[in-house]
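One structure below.
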Amino acid sequence: MDPVQLSIFANRLAGICDEMGALLRASALSPNIKDRLDFSCAIFDAAGGLCAQAAHIPVHLGSMAYAMADLVEGRDWRPGDLLVVNDPYLGGTHLPDVTVVAPVFAGERLAAFTVTRAHHANIGAHSPGSMPVSRTLDEEGLVIAPQWLKREGDWQLPLSRRLAGLGEGMALDDMRNLLIDTSLSSVKRKRALLALVEIKDMKLPALLIDLLNDEVLQQPAVLALAAFDKPEVSTAILSHLSKLKPKVQHDALSTMASRLTYATELMAAIDNQSVDAELLSADVVRQLRAHNDPKINRQLERFWGISRSSSVSKLDEIKKYKRIVGMGNSDLSNLSNGRVMFNRVCASCHKLYGEGGELGPDLTGSDRKNLHYVLSNVIDPNAEIPNDYRTAIIRMKDNRVLIGVVRSREPKRITVVTPSEVIFLPKRDVAKIDAQNYSIMPEGLIRLFKDQELRDLISYLGGDGQVPLP
């Protein structure tokens with residue numbers, strides 16, 4: 001390229017950066033951007049090398065040039081993507097400076113990146129203002145590791161819910177007040193809850209316990225309690241368990257199974273019959289066994305039994321249950337009761353007629369009218385496991401244990417699907433991932449059902465459409 005062309009293109013790219021800044025300022029509501037001009041814009045090549053920048057904030061631009069190569073490397077960039085970050089150890093400056101990266105494509109080829117970094121008046125610090133007196137990074141506010149804000153033009157939840165609608169100048173007390181204000185919409189309150197969970201606000205558990213009586217936020221509250229290891233949590237969940245809706249009951253039991261301290265309390269409650277052992281779904285039992293605690297395993301064996309049967313004995317067991325199923329009938333009442341059984345034991349992982357979880361295969365299109373096929377998969381669930389449904393035990397550094405299917409692995413986080421939720425886990429919080437060569441559905445599941453309950457479930461699974469609950 002001759003000097004004239006170089007000058008033309010350099011000034012053209014710099015002009016684009018100036019236009020980016022003018023548009024950002026014109027569209028902003030914050031005085032930090034509109035009046036103080038505390039923002040910067042730049043263009044980088046496809047490898048993350050700096051091509052051009054506007055005459056904005058030197059500290060932004062200087063650090064941005066070193067961070068971009070790591071931010072863009074190894075990611076599957078697509079048109080319409082937006083990546084957001086403010087973590088100072090992973091490409092940011094201080095937390096109020098939020099960076100957004102957008103890819104630029106020439107046809108199907110990744111050609112460049114446009115980047116903006118802008119200062120926010122508050123990012124959820126423990127005190128108002130953008131420069132709180134802090135001793136740790138977490139006290140400064142919400143830490144955002146590099147992650148998708150948009151993917152192919154679609155907002156990514158839960159991140160966008162945590163970032164949108166909270167408003168500037170909102171410190172932790174403001175978010176707590178927003179969470180407990182029942183006059184506000186459930187959407188705003190859930191955003192506040194997710195933001196407080198993200199930064200692990202230590203005052204949050206008490207609020208979450210109170211929300212167990214709130215029908216609107218009951219489910220997200222019981223899931224969020226798993227992030228905290230406090231003795232009052234297990235006491236509160238057990239005291240509320242019988243009053244929770246069935247789906248929330250399952251999530252509450254999953255929270256109880258997520259930590260050894262909680263799991264011990266849960267099994268004690270089952271032993272003294274204050275909690276019905278039949279409430280334990282298959283995935284919760286897997287989660288409890290993942291703690292490898294001898295006492296808990298002995299307690300589970302009394303209820304679930306130990307399955308060490310050979311392939312021959314499994315065939316005998318299939319014949320036995322074929323005889324049991326053949327003794328009943330399949331009128332409408334049986335189908336409705338079968339739906340109850342499905343919701344109680346199967347729906348946390350499997351979808352049928354558009355309802356249920358996504359951890360296991362969708363049963364709607366399966367060979368579910370084939371009795372041998374259904375009984376074989378229930379009695380011997382580990383015989384054939386598609387790779388997409390192999391279970392993993394995720395052990396967190398805070399001693400929490402999760403059971404689920406790892407759906408994706410990115411440089412800084414992993415996505416795990418559990419029967420209760422989809423969780424985005426920062427890799428820095430994960431101690432170990434143990435891949436398992438078994439299904440999320442444990443052996444011995446069929447022993448949970450009385451004979452008539454099993455007939456009802458098989459009739460429902462083999463039906464032609466959804467039926468009403470009894």
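The values are calculated or read from the model by the stated rules, or taken from the named source; none is laboratory data. Owing to the predicted nature of the structure, the values given are computational and were not obtained by experimental measurement. Because the Cβ atoms are built from the backbone with ideal geometry, glycine has one as well, and the counts that use them run over all protein chains shown. Each accessible area value is taken on the protein alone, full model and side chains, heavy atoms only, with ligands, DNA and RNA left out. Shrake-Rupley method; radii C 1.70, N 1.55, O 1.52, S 1.80 Å.
Among residues that are assigned to a loop (DSSP other than H, G, I, E, B) and open to solvent by 10 Å² or more (accessible area, probe 1.4 Å), ALA111 is not included. What residue, of ASN382, ASN377, is modelled with pLDDT under 85 and closer than 18 Å to ARG289 by Cβ? None of the other options fit; the residue is ASN382.
Is one or more of the residues making up the range 13-26 under 30 Å from VAL133 (Cα atoms) and among the hydrophobic types (A, V, I, L, M, F, W, C)? Yes, the conditions are met somewhere in the range 13-26.
Evaluating MET267 against the criteria (1) out of contact with any Phe, Trp or Tyr (no Cβ under 9 Å at 6 or more places or on another chain); (2) open to solvent by 20 Å² or more (accessible area, probe 1.4 Å); (3) more than 20 Å from ALA221 (Cβ to Cβ) leaves one unmet condition, (2). Scanning the range 363-371 for residues that are out of contact with any Asp or Glu (no Cβ under 6 Å at 6 or more places or on another chain), modelled with pLDDT of 85 or more and under 15 Å from LEU454 (Cβ atoms) turns up at least one hit. Checked against (1) open to solvent by 30 Å² or more (accessible area, probe 1.4 Å); (2) more than 27 Å from ASP87 (Cβ to Cβ); (3) touching a Phe, Trp or Tyr at 6+ places or on another chain (Cβ under 9 Å), VAL233 passes all but condition (1). With a requirement of 2 or more residues that are small (Gly, Ala, Ser), the helices (runs of 4 or more DSSP H) lying completely within the range 1-72 that satisfy it span 3-27, 58-72. I'd like to know if the range 79-86 contains one or more residues that are in a loop (DSSP other than H, G, I, E, B) and surrounded by fewer than 19 Cβ atoms within 10 Å (Cβ to Cβ). Yes, the range 79-86 contains at least one residue that is in a loop (DSSP other than H, G, I, E, B) and surrounded by fewer than 19 Cβ atoms within 10 Å (Cβ to Cβ). Does ALA69 satisfy being surrounded by fewer than 20 Cβ atoms within 10 Å (Cβ to Cβ), without any contact (Cβ under 8 Å) to a residue 60 or more places away in the chain, among the small types (Gly, Ala, Ser) and more than 22 Å from PRO146 (Cα to Cα)? It is false that ALA69 is surrounded by fewer than 20 Cβ atoms within 10 Å (Cβ to Cβ), without any contact (Cβ under 8 Å) to a residue 60 or more places away in the chain, among the small types (Gly, Ala, Ser) and more than 22 Å from PRO146 (Cα to Cα). Within the span defined as the range 118-128, every residue fails to be within 19 Å of LEU37 (Cβ to Cβ), open to solvent by 50 Å² or more (accessible area, probe 1.4 Å), more than 25 Å from the chain's Cα centre (by Cα) and modelled with pLDDT under 70.
From the list GLU140, GLU168, GLU152, exactly one residue is among the acidic types (Asp, Glu) and modelled with pLDDT under 70. Which is it? None of the other options fit; the residue is GLU168. Filtered by the rule that a residue be at pLDDT below 90 and of a type outside the set (A, V, I, L, M), the range 275-296 gives ASP276, GLU278, SER281, ASP283, ARG286, GLN287, ARG289. Can you tell me how many residues within the range 393-413 are in contact with a strand residue (DSSP E or B) (Cβ under 8 Å, 6 or more places away or on another chain), at pLDDT 90 or above and within 14 Å of ASP429 (Cβ to Cβ)? Looking only at that region, the number is 6.
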